[in-house]
Amino acid sequence: MSASGLLDDEKGVLSWLLTQISLIIAAGVLIGAIAGISFYGDWQKEAELKNIASNFVASLISLELREFPYEKTYLFPLKNYHYEVELSSDYITVRREDGTINKNIICREELPIKPIITAGKNLDWTNSTEFHKFLSLNYGCDGSPESPIPLEQREEVFSYIEQEMKYNAHETAAEPITICDLNKPLYMEKTFIYFEKGDGGLYRRGIIIIHE
C-alpha cells in the first residue's frame, strides 16, 4: 500500500472515531437533559405536596394561638392529580404516585401542636360538645367557666386528659388516619377545660380536637 493510501485510511479511522465520540457526547447531553427535566418535575411535585402539608400546619398553629373556644372548617385543596393525606398526632403525611424518577413522592411535616384526632376512632366522644358532656356525666361538671372541675377532682380529670392524648398519639402513630374523601371537610376545634384553684380562682387547659 502506498504512503498516500495509508494516510487516507488513517484519516478515515480518525474521522470515524471523532464521529463516534461526538455521538456519545451528544447522547450523554441528551440523557442528562432528560434526567434533569424528570428530576425537576419530581422536585416540583414534591414542592406542591410540601405546600399542602405546610398550609395544614399553619392552620393548626393559628388555631392554637386563639384565646377562646373556636372551630374552623378545613378543606384540603382539590388538584388535577390524585394525592393522599394521612394524619397522626405528630405528623401530616401527603403522598402521590405519579413521580418520574421515583413513583412514590412523599412529604411529611411535623405538627408542633399535638391534637387529639378522633376521626375514624371509636371513642366516648368525638368533638368538643361531646367531650364536655362526657366530663359532666363522669365528673359532675362539664369543665366550662360556669361549671369548672372541682379542686378535689382536678388531678383525676387532668390525668384523664393526659392519658387520652398519649393513647391517641400512640394509636395514630401506629395507624395514621387516612383522609379518604378530600372533598369532605375536617373540623378543627380548640376548647378549654376550666379547673378550680385553691385560691378560689380558675385555671384552664386548652386542647385541640380534629374530627370529621
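Any read-out appearing in this document is the output of simple, stated calculations on the displayed coordinates, not a laboratory observation. Just so we're clear, the structure is a prediction, and the values are computed from it rather than from any experiment. In this analysis, Cβ positions are derived from the backbone assuming ideal geometry, glycine residues included, and neighbour counts consider all displayed protein chains.
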Item to check | Proxy reagent accessibility, fewest Cβ within 10 Å first, across Cys141, Cys180 | outcome: Cys180, Cys141
Item to check | Pairs beyond 27 Å (Cα-Cα), from Lys114/Lys184; Lys72/Lys197; Lys166/Lys197; Lys45/Lys166 | outcome: Lys72/Lys197; Lys45/Lys166
Next on the checklist: Checking the cross-link filter: which aspartates and glutamates have an alpha carbon closer than 20 Å to that of Lys133, excluding same-chain neighbours under 8 positions apart?
Outcome noted: Glu71, Asp124, Asp142, Glu146, Glu152, Glu155, Glu156, Glu162, Glu164, Glu189, Glu196, Glu212
Checklist outcome for this item: Karplus ³J(HN,Hα) for the stretch 184-190 (6.51 cos²θ - 1.76 cosθ + 1.60, θ = phi - 60°; Hz, whole; x = Gly/Pro) runs 8, x, 9, 10, 10, 10, 10
Checklist outcome for this item: Relative contact order in percent for the stretch 31-211 (Cα pairs under 8 Å, 6+ apart) equals 29
Checklist entry - When the Karplus curve 6.51 cos²θ - 1.76 cosθ + 1.60 is applied with θ = phi - 60°, which whole-Hz ³J(HN,Hα) does each residue of the stretch 143-159 get, with x for Gly and Pro? => result x, 7, x, 7, 9, x, 5, x, 4, 6, 10, 4, 5, 5, 5, 4, 5
Item to check | Cut-off 10 Å between beta-carbons: net charge of the residues surrounding Leu186, Lys and Arg +1, Asp and Glu -1 | outcome: +1
Checklist entry - Can you list residues whose amide H is under 5 Å from Arg204's amide H, if they're 5+ apart or on another chain and H is modeled 1.01 Å from N? => result Phe195
Checklist entry - For the stretch 125-130, what does the Karplus curve 6.51 cos²θ - 1.76 cosθ + 1.60, with θ = phi - 60°, yield as ³J(HN,Hα) per residue in whole Hz, taken in order and with x for Gly and Pro? => result 8, 10, 9, 5, 4, 5
Checklist entry - How many angstrom lie between the C-alpha centres of the stretch 155-183 and the stretch 101-143? => result 5
Checklist outcome for this item: Computed from the beta carbon distance with a Förster radius of 22 Å, FRET efficiency for Arg95 and Ala174 to the nearest 0.05 stands at 0.75
Item to check | Long-range amide H partners of Ile117 with built H, under 5 Å | outcome: Ile210
Checklist outcome for this item: Least to most buried among Thr93, Thr129, Thr172, by other C-beta atoms within 10 Å and fewest first, runs Thr129, Thr93, Thr172
Checklist outcome for this item: For Ser89, the residues 5 or more places away or on another chain with a placed amide H closer than 5 Å to its own amide H are Thr172, Ala173
